[in-house]
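First the structure, in the form of structure tokens, and then the observations on it.
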Amino acid sequence: MILKNKRLAFATFVYWFLLVYIIAALVWWFIALQQQNMQMTNYKMQELKHDDIEYIQKSERINNEAHRKTAQYIGEGSTFLLLIIIGAVFVYRAVRRQFRLQQQQQNFMMAVTHELKTPIAVAKLNLETLQRYKLDEEKQQKMIQSALHETNRLNTLATNILVSSQLEGGEYRLSKEELDFSSLVNTSAKDYQNRFPEKKWQSDIQPEIIIKGDTMLLQMLINNLIENAIKYSPKNSLIVIELKKENAAVFFRVKDQGQGIANEEKKKIFEKFYRIGSEATRTAQGTGLGLYLCRKIAEDHSARITVSDNSPTGTIFTIKF
């Protein structure tokens with residue numbers, strides 16, 4: 001991290017040094033041309049004869065030509081300066097964006113490494129325990145369920161990475177068909193209630209809401225939002241899942257009672273690889289792809305995803321179809 005900060009500081013110093021140098025060279029070019037213009041004007045004025053009957057007309061022409069050249073230099077210099085500033089702003093933003101993307105990609109790789117190692121280690125430990133020891137039926141089932149849970153985590157991670165790549169590259173073929181969205185949401189809600197009984201659950205799902213969409217993507221959208229609420233809320237807190245039709249729109253909401261999201265972070269959480277905090281300090285699992293995928297899936301279904309504060313604490317994610 002220190003090395004990266006030094007590289008960024010050095011690149012920023014070089015950038016500003018070159019920019020100041022280019023602007024200084026432009027100013028020097030203008031001064032040199034203007035001095036040359038004044039010298040030529042004075043030389044031409046000295047060449048005039050005072051007893052010449054056209055002295056006044058000739059001197060006016062010389063002065064007008066000098067003014068035109070001055071205006072020309074100012075116009076050209078201003079144009080060059082404007083182009084330099086525009087180019088400098090573009091380069092600065094592009095370089096900063098590239099550094100930020102590299103940092104996010106590094107965070108993503110660290111998160112993926114952790115996300116892969118943890119379920120593999122847990123599943124391996126459970127299977128080795130089952131292989132070495134003769135456990136009673138209840139303990140065996142508990143370990144098998146734990147291994148299956150970790151395997152599902154791996155499957156979700158792999159699916160998120162694959163679908164994210166396909167959606168971004170335009171390789172995923174969206175299959176829109178009429179489906180019972182209420183049934184889809186209800187199935188996911190019951191599944192998570194069974195998997196996480198320590199949570200308090202409240203479902204308000206209006207039946208027989210039909211929309212057009214891709215079943216797999218919409219299932220991923222629902223699961224990502226529910227899992228996000230599980231990860232970022234206390235163990236015994238309430239999670240509310242709502243699906244309602246209001247006028248011509250369908251609203252899907254997931255509410256949690258976690259710490260909430262700061263206003264300055266709300267615009268960033270849907271960016272690819274973005275996660276609040278740093279990989280060294282955060283404790284919640286994740287890769288920074290979940291909410292990015294939610295936004296992409298919502299956009300591909302002509303829907304809009306928003307985030308707002310829950311009361312008294314927590315977050316509300318709303319998707320409007």
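Observations on the model:
- Selection status of residue 94, assigned to a helix (DSSP H, G or I), within 30 Å of residue 272 (Cα to Cα) and among the small types (Gly, Ala, Ser): yes
- Leading residue by the ranking (surrounded by the most Cβ atoms within 10 Å (Cβ to Cβ)) among those in the stretch 53-68 that are among the polar types (S, T, N, Q) and more than 60 Å from the chain's Cα centre (by Cα): 59
- Residue that is least open to solvent (accessible area, probe 1.4 Å) [pool: residues in the stretch 138-182 that are more than 25 Å from residue 270 (Cβ to Cβ) and touching a strand residue (DSSP E or B) at 6+ places or on another chain (Cβ under 9 Å)]: 182
- The set of residues in the stretch 18-72 that are among the charged types (D, E, K, R) and within 30 Å of residue 84 (Cβ to Cβ) comprises 65, 68, 69.
- When we screen 130, 135 for residues that are over 26 Å from residue 210 (Cα atoms), surrounded by fewer than 15 Cβ atoms within 10 Å (Cβ to Cβ) and not β-branched (Val, Ile, Thr), the only hit is 135.
- Scanning the stretch 218-269 for residues that are closer than 17 Å to residue 194 by Cα and either part of a strand (DSSP E or B) or small (Gly, Ala, Ser) (or both) gives 229, 237, 238, 239, 240, 241.
- The stretch 6-52, residues that are aromatic (Phe, Trp, Tyr) and touching a residue at least 40 places away in the same chain (Cβ under 8 Å): 15, 29, 30
Table: residues versus (1) in a loop (DSSP other than H, G, I, E, B); (2) modelled with pLDDT of 85 or more; (3) open to solvent by less than 70 Å² (accessible area, probe 1.4 Å).
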position: 35; (1), (2), (3): no, yes, no
position: 38; (1), (2), (3): no, yes, no
position: 45; (1), (2), (3): no, no, yes
position: 51; (1), (2), (3): yes, no, no
position: 70; (1), (2), (3): no, yes, yes
position: 78; (1), (2), (3): no, yes, yes
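- There is no residue in the stretch 234-256 that is under 27 Å from residue 163 (Cβ atoms), free of Cβ contacts under 8 Å to residues at least 24 places away in the same chain and exposed (fewer than 13 other Cβ atoms within 10 Å of the Cβ).
- Scanning the stretch 54-88 for residues that are under 17 Å from residue 35 (Cβ atoms) and hydroxyl-bearing (Ser, Thr, Tyr) turns up 70, 73.
- The residues on offer are 135, 116, 125, and the sole one that is farther than 19 Å from residue 227 by Cβ and either part of a helix (DSSP H, G or I) or touching a Leu at 6+ places or on another chain (Cβ under 8 Å) (or both) is 125.
- Candidate set from the stretch 200-218 (those that are within 24 Å of residue 309 (Cα to Cα) and in contact with a helix residue (DSSP H, G or I) (Cβ under 9 Å, 6 or more places away or on another chain)); member that is least open to solvent (accessible area, probe 1.4 Å): 218
- Within the stretch 137-193, considering residues that are of a type in the set (Asp, Glu) and more than 19 Å from residue 217 (Cα to Cα), the one modelled with the lowest pLDDT: 150
The values are calculated or read from the model by the stated rules, or taken from the named source; none is laboratory data. Not measured: the values here are computed from a predicted model. Don't worry about glycine lacking a Cβ; one is built from the backbone with ideal geometry, like all the others, and counts go over all protein chains shown. When the accessible area is computed, the model is the full protein with side chains, heavy atoms only, and any ligands, DNA or RNA have been set aside. Shrake-Rupley method; radii C 1.70, N 1.55, O 1.52, S 1.80 Å.
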